[in-house]
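Q: So that we are looking at the same thing, I have put the structure below in structure tokens.
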Amino acid sequence: MPLPLVAIVGRPNVGKSTLFNRLANRRDAIVTDIPGTTRDRLLAEVAWNDSRFILVDTGGLEPYPQDVLRDQVKAQVEAAVDQADLIIFLVDVEDGVVPMDLEIAGWLRQRQKPLVLAVNKVDNQKRRASAAEFEQIGLSEPVQISAYHNLGIYDLMDQVVPTIGVSPEETEDAPEGMSLSIVGRPNVGKSMLVNAILGEERAIVSEIPGTTRDALDTPFLYEDKPVVLVDTAGIRRPGRIGRSIEFYSVLRAMRAVQRSDIALLVMDATELATAQDAHILGDVWDEYKGIIVVVNKWDLVPKEDPGEREIAVQTIRQRFHFMPYAPITFTSATMGQGLGELMDLAFEVYGERTRRVPASRLNHALMDALGDHMPPARKGKSLRIGDIRQVDINPPTFLVKVNNPKLVHFSYHRYLENRLRATLGFTHTHLRLVFKGRM
């Protein structure tokens, strides 16, 4: 279930970045008294009690920008609002209600998005009395806060969290069938691959990198099996995104990965396993999603050398050493080649991710792993492992009882995962091991 998106919106210099830093518990946003300091957007994952959401800081919104740069800022804010599940509209008690606040309020009202009105810089009794005038804006009951002094933040979150819905732990029932997200750098043929799999012109295809802006969800049947295919915008290195709406395309892509079962990492056969491909793969790995590496445009590779495919596999394996179990397949979307093999592989990975292991077999696998390699002592203390049980699927999740989770070294964690994957037949999928101290 993708995390909800909360955008902080307001005119320049009302304290949006200060509130962002306060909620995100960090100092990433530059805070100054100069209006318009924030031009690039910032985002952070925020944990509040049992809920999590993505928080986006935006530049100061001016309804009628007077130059190109301010017009770009407005475009970014509009993109953030379009994607947001909730908007925090921030105003400044020092200035009172100004005409620009009323214009922004009218603009936000037309968007018909859940909205919380927050009056910032309320840090004394006089300002608390002045905050009442913001009721004339006619949105929600104003929440009085001081982001700088950490006042009223809990009251603000009491308005935000219930509105954006359940916490990730309270996930909805999974939709029937397998969900595939298609990710990768721009112009590697993702949309063409979508069209080839579906057998129709579902997504716009262009030679211009970055044509796809939105994530397109398409349910269909493949050999009578339900599948949801999600095409996404090309993901570039963060430093290359710049001040454009493409930033939010990347955000859409990563949220699409969150709600999918398996990510198809599409790369160009003429430019294998770039650093950005590895970065995308790392993001998918962090989300515990299934992964299939799709080498597209294979028809462009000269076939004089019969070992060319094996060389490509070795190159990818060498550069993606941290995920050696990720299967690799070769396609040509334009020629319609390799599509059946790709889909068969996707169902194989999905079958692994949704498989449950009998308790007896699971404990035997753990005992065999311990018999071959007992955990080493750390700082004179020994890690003792009790039993293991499977607590979830997709990804396969296993709870391991230990005497002290802090004694689990990352290398032994990796050893156990690799042994369980090999012993239990999880050939192509990530496993999640959760180490818990005995009660």
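Q: Do you know which residues across the range 342-377 are among the hydroxyl-bearing types (Ser, Thr, Tyr), closer than 26 Å to LYS289 by Cβ and assigned to a helix (DSSP H, G or I)?
A: Once the filter is applied, which keeps residues that are among the hydroxyl-bearing types (Ser, Thr, Tyr), closer than 26 Å to LYS289 by Cβ and assigned to a helix (DSSP H, G or I), the range 342-377 yields only TYR350.
Q: Could you tell me whether the range 121-142 includes any residue that is under 30 Å from the mean Cα position of the chain (by Cα) and buried (at least 21 other Cβ atoms within 10 Å of the Cβ)?
A: There is no residue in the range 121-142 that is under 30 Å from the mean Cα position of the chain (by Cα) and buried (at least 21 other Cβ atoms within 10 Å of the Cβ).
Q: Residue check, GLN314 against (1) surrounded by 15 or more Cβ atoms within 10 Å (Cβ to Cβ); (2) over 15 Å from ASP268 (Cα atoms), all met but one. Which one?
A: (1)
Q: Would you call ALA84 crowded, with 17+ Cβ neighbours inside 10 Å, assigned by TED's automatic domain parsing to the domain that holds GLY106, touching a strand residue (DSSP E or B) at 6+ places or on another chain (Cβ under 8 Å) and modelled with pLDDT under 85?
A: No: the conditions fail for ALA84.
Q: If you don't mind, there's one more thing I want to ask. Can you pull out the residues in the range 299-341 that are part of a loop (DSSP other than H, G, I, E, B) and charged (D, E, K, R)?
A: LYS303, GLU304, ASP305
Q: What pairs come out if I take residues in the range 120-148 that are on the phi > 0 side of the Ramachandran plot and part of a loop (DSSP other than H, G, I, E, B) and pair them with residues that are of a type in the set (S, T, N, Q) and modelled with pLDDT of 90 or more whose C-beta lies under 9 Å away, six or more apart or interchain?
A: Within 9 Å, the pairs are LYS121/SER146.
Q: I would also like to ask the following. Can you report the number of residues in the range 378-404 which are closer than 29 Å to ARG259 by Cβ and not in a strand (DSSP E or B)?
A: Residues in the range 378-404 being closer than 29 Å to ARG259 by Cβ and not in a strand (DSSP E or B): 4 in total.
Q: Looking at the structure I just gave you, is THR171 surrounded by fewer than 16 Cβ atoms within 10 Å (Cβ to Cβ), at pLDDT 80 or above, under 25 Å from ARG52 (Cα atoms) and not aromatic (Phe, Trp, Tyr)?
A: Taking the combined requirement at face value, the residue does not satisfy it.
Q: Within the set of pairs 6 or more residues apart or between chains, which connect a residue that is farther than 17 Å from LEU366 by Cα inside the range 398-410 to a residue that is outside any strand (DSSP E or B) with Cβ atoms less than 6 Å apart?
A: If the second residue must be outside any strand (DSSP E or B), the pairs left are LEU407/LEU383.
Q: Residue pairs, Cβ under 7 Å, 6 or more apart or interchain, first in the range 94-107 and on the phi > 0 side of the Ramachandran plot, second part of a helix (DSSP H, G or I). List them.
A: Qualifying pairs under 7 Å: GLY96/SER130; GLY96/GLU133.
Q: In the range 273-298, what residues are part of a loop (DSSP other than H, G, I, E, B) and β-branched (Val, Ile, Thr)?
A: Scanning the range 273-298 gives a single hit, THR274.
Q: Could you please find all residues in the range 405-417 being closer than 22 Å to HIS321 by Cβ and outside any loop (DSSP other than H, G, I, E, B)?
A: Hits for the range 405-417 are PHE410, SER411, TYR412, HIS413, ARG414, TYR415, LEU416, GLU417.
Q: If a residue must be closer than 14 Å to THR397 by Cα and in contact with a helix residue (DSSP H, G or I) (Cβ under 7 Å, 6 or more places away or on another chain), how many such residues does the range 407-427 contain?
A: Residues flagged as closer than 14 Å to THR397 by Cα and in contact with a helix residue (DSSP H, G or I) (Cβ under 7 Å, 6 or more places away or on another chain) within the range 407-427 amount to 4.
The values are calculated or read from the model by the stated rules, or taken from the named source; none is laboratory data. These figures come from a predicted structure and were not determined experimentally. Please note: Cβ atoms are built from the backbone with ideal geometry, for glycine as well, and neighbour counts cover all protein chains shown.
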